[in-house]
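Just below is one structure, and these are the notes that go with it.
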Amino acid sequence: MLDEAGVKMLMHTLAVKPVVENDVIRGIIIENKSGRQAILAKRVIDCTGDGDIAARSGAPYEKGRKKDGLMPSVSLLFHLHNERALEDLPATPIGGIFLLSPLMKKTARKAGIRYKLPYDVAFLVPMPVSSRKLLVNLAHVKNIDGTKAEDLTRAHIILRRQIMEATELLRYNPYFSSAYVASTGTQVYVRETRRIVGEYYITEEDALQGKHYDDAITSCRYMIDVHPLDATESGRYENHPPFDIPYRSLVPLKIDNLLMAGRCISCDRVSQSALRIGGTCMSTGEAAGSAAAISIQEKVKPRELDGKLVRQALENRGVVIRPEKSSVPEKCMF
């Protein structure tokens, strides 16, 4: 799609430093096999997930729990191959997923094995391509800062060990006796790090009330999904009416010609736990790209751009900003 549109792509490349003059971003410094280069641009969109470019440009941000900076656990998904028919799986499906936690605890007791689940709500999802291939969400590590390479490295090692230990335990259950790890994620899944403060700050109340905005560029329908940070907290899994994400939450304070997309947009921790999901992140990316182009055409800064123009452009392309019927279930699966 990008190639057909004439977009020049550059893969295997890291954006390492912004080029900023008087609080205006002019481009980025990149690093790859060819060495260090600069790319100058009229607009820059930070889709790093961690707000790397925005933070290094000087945009204000929040990070983790206010009192101590702790952030949710990181995880690593994996595919489990199993020969048994899905109908024989000794677990009850809930909303298309199967909870693994009770099954694993029971298996460990029967086998006389001491085993501590890394995630209390471990579950698996059958893959549509094959009922023999199961996507498992189980491996979790707490107290990791996703903006630090040392932490990510330590997490990656622990997560892979957890996956192998869990698979070995599952084989004690007759249903999983021939199961093996078919593949794992290529990188650690980080739920939250920096949240760049923007022209609008999405709050927990906005999410729970299903807030609407004239400059909405997408809406969020995934549940509140706050993972416990330590033993003093319990997880919070709560449904809500679909809430809008306004264009203004993609525009950072202080730095001009910069836009944000993904889980690092302007919001608090609770609302971020819902909007960090892939589909919503992709929607903010499309909106940020549209806003960059429109602001250049209109010869205004992204901060000065009327967000309703972005919404109109998206709707003209067939984007459904706010579905008429909510897809959020009445009861939370957890």
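Values as computed for the structure displayed
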item: Residue 238 being over 14 Å from the mean Cα position of the chain (by Cα), over 14 Å from residue 44 (Cα atoms) and without any contact (Cβ under 8 Å) to a residue 12 or more places away in the chain; result: no
item: Residues satisfying the stated conditions in the range 268-290, i.e. more than 19 Å from residue 197 (Cα to Cα) and either buried (at least 23 other Cβ atoms within 10 Å of the Cβ) or among the acidic types (Asp, Glu) (or both); result: 286
item: Close pairs (8 angstrom Cβ cut-off, 6 or more residues apart or separate chains): of a type in the set (A, V, I, L, M) in the range 285-313, surrounded by fewer than 14 Cβ atoms within 10 Å (Cβ to Cβ) anywhere; result: 292/42; 296/42; 305/298; 309/298
item: Count - residues of the range 291-313 that are surrounded by 21 or more Cβ atoms within 10 Å (Cβ to Cβ) and under 21 Å from residue 243 (Cα atoms); result: 4
item: Tally, over the range 253-279, of residues that are under 20 Å from residue 191 (Cα atoms), in contact (Cβ under 8 Å) with a residue 60 or more places away in the chain and not β-branched (Val, Ile, Thr); result: 15
item: Scan of the range 185-202 for residues that are touching a helix residue (DSSP H, G or I) at 6+ places or on another chain (Cβ under 6 Å) and surrounded by fewer than 18 Cβ atoms within 10 Å (Cβ to Cβ), ordered by number; result: 199
item: Selection status of residue 163, within 24 Å of residue 86 (Cα to Cα), β-branched (Val, Ile, Thr) and in a helix (DSSP H, G or I); result: yes
item: Residue among 117, 89, 70 that alone is more than 29 Å from residue 265 (Cα to Cα), surrounded by 12 or more Cβ atoms within 10 Å (Cβ to Cβ) and in contact (Cβ under 8 Å) with a residue 24 or more places away in the chain; result: 89
item: 1 or more residues modelled with pLDDT under 95: qualifying strands (runs of 3 or more DSSP E) within the range 170-224; result: none
item: Answer from 265, 245 - the residue that is surrounded by 20 or more Cβ atoms within 10 Å (Cβ to Cβ), at pLDDT 95 or above, within 23 Å of residue 20 (Cβ to Cβ) and in contact with a Ser or Thr (Cβ under 7 Å, 6 or more places away or on another chain); result: 265
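The values are calculated or read from the model by the stated rules, or taken from the named source; none is laboratory data. Values in this document were obtained by computation on a predicted structure and should not be read as measured data. Note: ideal-geometry Cβ built from the backbone for every residue, glycine included; neighbour counts use all protein chains shown.
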